[in-house]
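Asker: Here it is: the structure, laid out below.
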Amino acid sequence: MRLKLLAAASALAAAIGFGPAQAETDYSGETVTLLINYGAGGSTDIEGRIIAQHLGAHLPGEPNVIVQNMPGGGGNIGSNFLGTSAPKDGTMVGFFTWNPIDQLIKAPGLMIEYNDFAFIAGISHPTIFYMRKDVAPGIEEPTDLLKASGFKAGTMSPTIHQTVRTRLALDLLGIDFDLVSGYRGLKPIDTAMLQDEIQLTNGSLPGFMGSVMPTMVEPGIAIPLFHFDIEDTDGGYHPNPLLSEMHIPTFLDMYHAKFGADAMPEGFEWEALSLINAIMESMYRSILMPPGTDEDAVATMRQAFTDLAADPEFVADYKKTVGVEPRFTFGEEGQAIIERLADLDPDFLAKFTEYVNQQ
């Protein structure tokens, strides 16, 4: 790539008293690839394509931005490519539904650690559980889940956060269920739901609004059950504000309905679920660049996403498709989330790995 540093802009900034400025990478005449680690038509892809439509306008030189889907391995094929084979000149950026669990359990399918990537930004999404209404004894309201048993919960790969959080949540609620994992994406899962091969699953807000609402909820086939609570810095919990108008109960609402208003989950399963939720609910999508990417290109891309978040046309298009405005995570907050993966108690990690590998 013909990377042209805008030295004049840097010199001007220094001359007028702002000190040394980070040089920008000029993308004039270039093509930037947004690498998506899931297939076309899924929620990650839908969201990534909205970003691709607007990102170029916020990069110096206004380059063409194209999308490349690289699905497979629970998202790891795309992650591995970005980490080991992608160009480091600033022309490729990953837009991932990432899976930190594979790093925690040292899964052989993940060839690189997420904290080795150059962090650009993250996007927050609630996770919504939903279920077919025709499951015995009849699911007319969310708490009817607590009366059901023996149904099939469908998820993707056994080690993906979706699968592990499904197991942890339903185990904590004391529900008898059968896990069916191994689906290659949310589209096949939703097809399986429609065909009654499975009866419960979960996904992010964009997929729920874009696919589940029109094909299952509005026709009366399924209902939303609950979403995961947001943990405050003081240890308290509250509903995700992105769902304030939808009135979907939280996991703790369901737990209180089962065990009493003052009951709180505890033990290893709650510790594990709280950890994964803290990571995923604040940064469900991660925007990353390859390790060793040119520092100026990283700084330029970070600024582009900061500007994108404030772009009213982008926000309007995003809200039209997803149903809510985007909530980005930037800078030290996002970096701290990723670095948390490398600083966990070994005893907890050993127990967590054992739990994940029990299928």
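The values are calculated or read from the model by the stated rules, or taken from the named source; none is laboratory data. Note that this is a predicted model, so its numbers are computed, not measured. Glycine gets a Cβ as well: all are built from the backbone with ideal geometry, and neighbour counts include every protein chain shown. The area values use the complete protein model at the heavy-atom level, side chains included, leaving out ligands, DNA and RNA. Shrake-Rupley method; radii C 1.70, N 1.55, O 1.52, S 1.80 Å.
Asker: Just to be sure I follow: if Rg is taken over the C-alpha atoms of the range 140-274 and Rh is the Kirkwood radius over the same atoms, what is Rg/Rh?
Answerer: 0.94
Asker: For the Cα atoms of the chain, what angle does the longest principal axis make with the long axis of helix 268-280, in degrees from 0 to 90, nearest 10?
Answerer: 40 degrees
Asker: Separate question: Determine the dipole magnitude for the chain: charges of +1 sit on the beta-carbon of Lys and Arg, -1 on that of Asp and Glu, nothing else is charged, the reference point is the Cα centre, and the result goes in debye to the nearest 20.
Answerer: Values: 21 positive and 47 negative charges, 192 e Å.
Dipole about the Cα centre, nearest 20: 920 debye.
Asker: Still on this structure: Counting pairs of alpha carbon atoms under 8 Å apart in space and at least six apart in sequence, what relative contact order in percent does the chain give?
Answerer: Relative contact order of the chain: 24 percent.
Asker: With both bridge residues required to lie in the chain, what share of the DSSP beta bridges run antiparallel, to the nearest 5%?
Answerer: 60 percent
Asker: What is the helix-to-structure angle for 161-172, meaning the angle in degrees between its Cα long axis and the longest Cα principal axis of the chain, kept from 0 to 90 and rounded to the nearest 10?
Answerer: On a 0 to 90 degree scale, this one is about 30.
Asker: Sorting check: for 51-63, 151-163, 306-318, which peptide has the highest mean count of neighbouring beta carbons within 10 Å, and how do the rest follow? Don't skip to the answer; put the middle values down first.
Answerer: Values: 51-63: 18.8, 151-163: 22.7, 306-318: 15.2.
The most tightly packed comes first, giving 151-163, 51-63, 306-318.
Asker: Over the chain, what percent of the accessible surface lies on carbon and sulfur atoms, probe 1.4 Å? Walk me through the numbers before you get to the answer.
Answerer: Numbers: 7600 of 14870 Å².
Answer for the chain is 51 percent, counting heavy atoms of protein chains only.
Asker: Continuing with this model, one more query. Rounded, prolate or oblate, given the Cα gyration tensor of the range 230-359, with a/c below 1.5 counting as rounded?
Answerer: Note, shape of the range 230-359 comes out oblate.
Asker: Classify the range 147-198: rounded, prolate or oblate, from the alpha-carbon gyration tensor (a ≥ b ≥ c, eigenvalue square roots; a/c under 1.5 rounded; otherwise prolate if a/b is larger than b/c)?
Answerer: On the way: a/c = 2.65, a/b = 1.27, b/c = 2.09.
Oblate.
Asker: Give me Rg/Rg_expected for the chain, where Rg uses Cα atoms only and Rg_expected = 2.2 N^0.38 Å with N residues.
Answerer: Against the empirical 2.2 N^0.38 Å value, I get 1.03 for the chain.
Asker: How compact and how long is the range 38-164, expressed as Rg and Dmax of its alpha-carbon atoms in Å?
Answerer: Over the range 38-164's Cα set, Rg and Dmax evaluate to 18.4, 60 Å.
Asker: Express the C-alpha Rg of the range 69-143 as a ratio against the empirical globular expectation 2.2 N^0.38 Å, rounded to two decimals.
Answerer: 1.55
Asker: What pairs from LYS106/LYS258; LYS106/LYS351; LYS88/LYS351 go past 25 Å between their alpha carbons?
Answerer: Result: LYS106/LYS258; LYS88/LYS351 exceed 25 Å.
Asker: Accessible area per residue for the range 127-239 in Å², computed with a 1.4 Å probe and the full protein assembly in place, what is it?
Answerer: Roughly 37 Å² per residue, with all protein chains present.
Asker: Angle between the Cα long axis of helix 346-357 and the longest principal axis of the chain, 0 to 90 degrees, nearest 10?
Answerer: Approximately 60 degrees, to the nearest 10.
Asker: Highest mean first, what order results for 276-288, 93-105 on Cβ atoms within 10 Å?
Answerer: The packing order, highest mean first, is 93-105, 276-288.
Asker: Ok, one more. Scale the Cα Rg of the range 38-100 by the rule-of-thumb value 2.2 N^0.38 Å and send over the ratio, two decimals.
Answerer: Here the answer is 1.14, to two decimals.
Asker: While we're looking at this one, here's another question. For a test of the definition: using alpha carbon positions, the gyration tensor, and the 1.5 limit on a/c, classify the range 304-359 as rounded, prolate or oblate.
Answerer: Cα axes put the range 304-359 in the oblate bin.
Asker: Continuing with this model, one more query. Report, to one decimal in Å, the Kirkwood hydrodynamic radius for the range 205-252 based on all distinct Cα pairs.
Answerer: About 11.9 Å for the range 205-252.
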